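**Q** Next up is a structure, given as structure tokens.
FYI, it's all coordinate maths here, none of it is from the lab. Computed from a predicted model, the values in this text were never measured in an experiment. Methodologically, a virtual Cβ is constructed for each residue, glycine included, from the backbone with ideal geometry; neighbour enumeration extends over all protein chains shown.
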Amino acid sequence: MLKAQPVTPRAAVSAFDNAACELAIRLLAWTQFRPEAREVDVLMTELAQSARKGHWETTQGNAWAVLALAAYRAQVERGRWPPRWKKCIIRNASDWLKA
């Protein structure tokens, strides 16, 4: 579960299955286990870039992503402003505004 490997989109098995949930859960685990690890930044980048038009496919995907972002901010970017992921989120939000 903790091994950081790129998550490639795959056909959903159910309405609750999506890549954003998997990325977010893995990021949550890594931020608690070893927040300084390189895998944390890899997962954070993938999660931030996987947002489409300001969201992560489903309500559940959005919820897990927000939980993971909050954990990342609290564990990894304590006191740092602006956060490293800010540009990814803003870029996706601006795509959403153009749509």
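**Q** Tell me, what ³J(HN,Hα) does each residue in region 46-56 have, in order and in whole Hz, if you take phi through Karplus 6.51 cos²θ - 1.76 cosθ + 1.60 with θ = phi - 60° and put x for Gly and Pro?
**A** So the J values, rounded to whole Hz, are 4, 5, 4, 6, 7, 5, 10, 6, x, 8, 10.
**Q** Another question, then. Taking the Cβ of Gln60 as the centre, find all other residues whose Cβ is under 14 Å away and add up their charges (Lys, Arg: +1; Asp, Glu: -1).
**A** On the way: positive: none; negative: Asp17, Glu22, Glu57.
Overall, the nearby charge balance is -3.
**Q** Show the residues, 5+ positions off or on another chain, whose built amide H is closer than 5 Å to the amide H of Arg52.
**A** Correct list: Glu57.
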